[in-house]
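Report on one structure; see the data block that follows.
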Amino acid sequence: MTTNAHTPTPWEVGDLDHNGQRIVRGEHIEICTCWHHSVGSIEREMEANAAFIVRAVNSIDELAEALRRVAAWKDAVSMIAPELGGLLTAMYAADAALAKLEAA
């Protein structure tokens with residue numbers, strides 16, 4: 001089974017298209033368009049959705065790596081409780097990735 005790679009990151013929130021819909025784009029490509037129906041509250045939600053997509057996509061590699069680092073230490077920490085240096089490093093990496101994901 002062959003899988004295609006996604007558009008390389010980072011992605012960004014682009015301009016509005018000719019219909020007033022927010023574009024999410026990569027460096028040289030439109031990836032998706034977030035729609036609204038000319039209603040103020042839905043338009044704000046459209047903007048929030050575009051920003052959320054971009055934050056999630058641009059954070060996923062760091063989040064996965066942080067989780068890998070935490071997971072790699074779980075067995076060692078369960079056997080040797082005093083050895084916390086690596087666990088703390090992994091926790092700080094997870095914290096930084098989550099901060100990026102949750103940034104406004």
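The values are calculated or read from the model by the stated rules, or taken from the named source; none is laboratory data. The model shown is predicted, which means the values in this text are computed figures rather than measured ones. For neighbour counting, all protein chains shown are included, and Cβ atoms are generated from backbone atoms with ideal geometry for every residue, glycine included.
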Of the residues in the range 11-24 that are in contact with a helix residue (DSSP H, G or I) (Cβ under 9 Å, 6 or more places away or on another chain) and not hydrophobic (A, V, I, L, M, F, W, C), the one that is surrounded by the fewest Cβ atoms within 10 Å (Cβ to Cβ) is G20
Show the residue pairs meeting these rules: Cβ distance below 8 Å; 6+ apart or different chains; first residue within the range 25-38 and free of Cβ contacts under 8 Å to residues at least 24 places away in the same chain; second residue assigned to a loop (DSSP other than H, G, I, E, B) and of a type in the set (D, E).
T33/D17
Failed item in (1) touching a residue at least 40 places away in the same chain (Cβ under 8 Å); (2) more than 26 Å from A96 (Cβ to Cβ); (3) of a type in the set (S, T, Y), with T9 passing the rest:
(2)
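Residue-wise test of (1) closer than 24 Å to A96 by Cβ; (2) modelled with pLDDT of 85 or more; (3) surrounded by 11 or more Cβ atoms within 10 Å (Cβ to Cβ); (4) touching a Cys at 6+ places or on another chain (Cβ under 6 Å).
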position: H28; (1), (2), (3), (4): no, yes, no, no
position: I31; (1), (2), (3), (4): no, yes, yes, no
position: H37; (1), (2), (3), (4): no, no, no, no
position: I42; (1), (2), (3), (4): no, yes, yes, no
position: E45; (1), (2), (3), (4): no, yes, yes, no
position: V57; (1), (2), (3), (4): yes, yes, yes, no
position: D61; (1), (2), (3), (4): yes, yes, yes, no
